[in-house]
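Trainee: Just dropping this structure here.
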Amino acid sequence: MTVSHYRPAEMFQLNCTKKLLDRIKPEIVASEQSDTTLGNWYATVLFWKPQVALLVSERTLLPVLMPLAPAASLARRFPAQLALVLKEHGISSEFIAQEVWRMDKVQYSKTANRSVVGILNEFVRQAEFWLAAYAYEKGDDDDLLAISAKLAETPCSPLYKGPVSPDKALDELVKAGSQI
């Protein structure tokens, strides 16, 4: 008799604003906790040309900007963009591989954490500034990786009792995980 070692697919939760849900029209479920180290993700759309999605980790507030189109494949494309952002922050390839592996399946839900939604809105305003700054300095308005890294340096009030900014929260989370 053989014993099956079936393990369900790892899942991450994508909590989307109404304007993003209206674009992708996914099946919406009740919010659950992601299987990933970075926790649930919050997402919105920026109506730039071309349109951009902004995703923020609920646990660290790490921002990730990426092209929205095609909107229907946003969740499938997100792990690869997250890997690029994590690499930009100097995160180990082992952590990145593990995080991406855990993002095998996505569940969509509505936003639930008002604090994270407030951070999303603040990052949208700041991203507009950085977009203009990068367009001015380089003549290039689509350096989403660089803008994501700049946003991650922003002090965020939900983090004031600890690491203060998303880049430092990410660093602390990764270091704490490697010591377990």
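The values are calculated or read from the model by the stated rules, or taken from the named source; none is laboratory data. Please read all numbers here as calculations on a predicted model, not as lab measurements. Neighbour counts are summed over all protein chains in view; Cβ atoms, including those assigned to glycine, are modelled from backbone coordinates with ideal geometry.
Trainee: Return the residues of region 127-173 that are modelled with pLDDT of 85 or more, among the aliphatic types (A, V, I, L, M) and under 13 Å from THR60 (Cα atoms); say none if nothing qualifies.
Mentor: Answer for region 127-173, where residues must be modelled with pLDDT of 85 or more, among the aliphatic types (A, V, I, L, M) and under 13 Å from THR60 (Cα atoms): LEU151, ALA152, VAL164, ALA169, LEU170, LEU173.
Trainee: In the set PHE78, PHE12, PHE47, which member is among the hydrophobic types (A, V, I, L, M, F, W, C) and over 16 Å from the mean Cα position of the chain (by Cα)?
Mentor: So the residue among PHE78, PHE12, PHE47 that is among the hydrophobic types (A, V, I, L, M, F, W, C) and over 16 Å from the mean Cα position of the chain (by Cα) is PHE47.
Trainee: Which number in (1) over 18 Å from VAL117 (Cβ atoms); (2) free of Cβ contacts under 8 Å to residues at least 60 places away in the same chain marks the one condition that PRO67 misses?
Mentor: The one condition PRO67 does not meet is (2).
Trainee: Do we have LEU82 as touching a helix residue (DSSP H, G or I) at 6+ places or on another chain (Cβ under 6 Å), crowded, with 21+ Cβ neighbours inside 10 Å and within 19 Å of PRO166 (Cβ to Cβ) here?
Mentor: No; evaluated as a whole, the condition is false for this residue.
Results for (1) over 23 Å from LYS168 (Cβ atoms); (2) in contact with a strand residue (DSSP E or B) (Cβ under 8 Å, 6 or more places away or on another chain), shown as yes or no for each residue.
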{"position": "GLU27", "(1), (2)": "yes, yes"}
{"position": "GLU32", "(1), (2)": "yes, yes"}
{"position": "ASP35", "(1), (2)": "yes, yes"}
{"position": "VAL45", "(1), (2)": "yes, yes"}
{"position": "TRP48", "(1), (2)": "yes, no"}
{"position": "ALA53", "(1), (2)": "yes, yes"}
{"position": "VAL64", "(1), (2)": "no, yes"}
{"position": "ARG77", "(1), (2)": "yes, yes"}
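Residue by residue, here is whether (1) within 30 Å of ALA176 (Cα to Cα); (2) at pLDDT 90 or above holds:
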{"site": "MET11", "(1), (2)": "yes, no"}
{"site": "ALA30", "(1), (2)": "yes, no"}
{"site": "ASN40", "(1), (2)": "yes, yes"}
{"site": "VAL45", "(1), (2)": "no, yes"}
{"site": "TRP48", "(1), (2)": "no, no"}
{"site": "LEU65", "(1), (2)": "yes, yes"}
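Trainee: Turning to a different aspect of this structure: Pairs, please: C-beta under 7 Å, at least 6 apart or cross-chain, first residue over 24 Å from LEU170 (Cα atoms) and surrounded by 13 or more Cβ atoms within 10 Å (Cβ to Cβ) and in region 131-158, second at pLDDT below 80 and among the charged types (D, E, K, R)?
Mentor: Cβ pairs passing all conditions: TYR134/ASP140; TYR134/ASP141; ALA135/ASP141.
Trainee: Restricting attention to region 45-57, which residues are in contact (Cβ under 8 Å) with a residue 12 or more places away in the chain and surrounded by fewer than 23 Cβ atoms within 10 Å (Cβ to Cβ)?
Mentor: Scanning region 45-57 gives VAL45, LEU46, TRP48, PRO50, GLN51, VAL52.
Trainee: Got at least one residue in region 83-94 being under 17 Å from ILE119 (Cβ atoms) and out of contact with any strand residue (DSSP E or B) (no Cβ under 9 Å at 6 or more places or on another chain)?
Mentor: no
Trainee: Answer with yes or no whether SER34 is at pLDDT below 95, of a type in the set (Ser, Thr, Tyr) and within 15 Å of LYS105 (Cα to Cα).
Mentor: yes
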